Amino acid sequence: MRRHEVKPGVTGWAQVNGRNAITWEEKFKLDVWYLDHWSLWLDIKIIGMTIWKILKREGINEPGQATMEEFRGTEQGSEIRNQ
């Protein structure tokens with residue numbers, strides 16, 4: 001549930017650390033990490049990393065998928081909710 005504390009935006013920590021090439025569980029963990037480590041400097045770093053990822057075209061799609069597999073829940077749901 002802590003993941004919902006992150007305000008929506010154009011980019012984010014999970015997007016620059018894998019985007020569609022990582023699992024939903026990894027995205028949730030990265031969102032919580034961002035909440036715990038937020039700073040203005042981190043946001044500036046994310047913007048810089050976003051520009052770099054766009055230029056390199058990295059993490060656009062998950063292997064075997066056009067973009068990202070649809071989220072259908074998690075087997076570790078209770079563990080992730082407690083983080």
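So here's what we get for this one:
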| read-out | value |
| --- | --- |
| Inter-residue pairs, beta-carbon under 6 Å, first closer than 16 Å to Ile54 by Cα and in a helix (DSSP H, G or I) and in region 1-25, second at pLDDT below 85 and hydrophobic (A, V, I, L, M, F, W, C), 6+ apart | Asn20/Met68 |
| Residue that is most open to solvent (accessible area, probe 1.4 Å) [pool: residues in region 1-44 that are over 19 Å from Arg57 (Cα atoms) and among the aliphatic types (A, V, I, L, M)] | Met1 |
| Residues satisfying the stated conditions in region 26-57, i.e. within 22 Å of Arg72 (Cα to Cα) and either assigned to a loop (DSSP other than H, G, I, E, B) or among the polar types (S, T, N, Q) (or both) | none |
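The values are calculated or read from the model by the stated rules, or taken from the named source; none is laboratory data. Since the structure is predicted, the reported quantities are computational estimates derived from the model, not experimental observations. For neighbour counting, all protein chains shown are included, and Cβ atoms are generated from backbone atoms with ideal geometry for every residue, glycine included. Note: accessible area is taken over every heavy atom of the protein model, side chains too, but ligands, DNA and RNA are not part of it. Shrake-Rupley method; radii C 1.70, N 1.55, O 1.52, S 1.80 Å.
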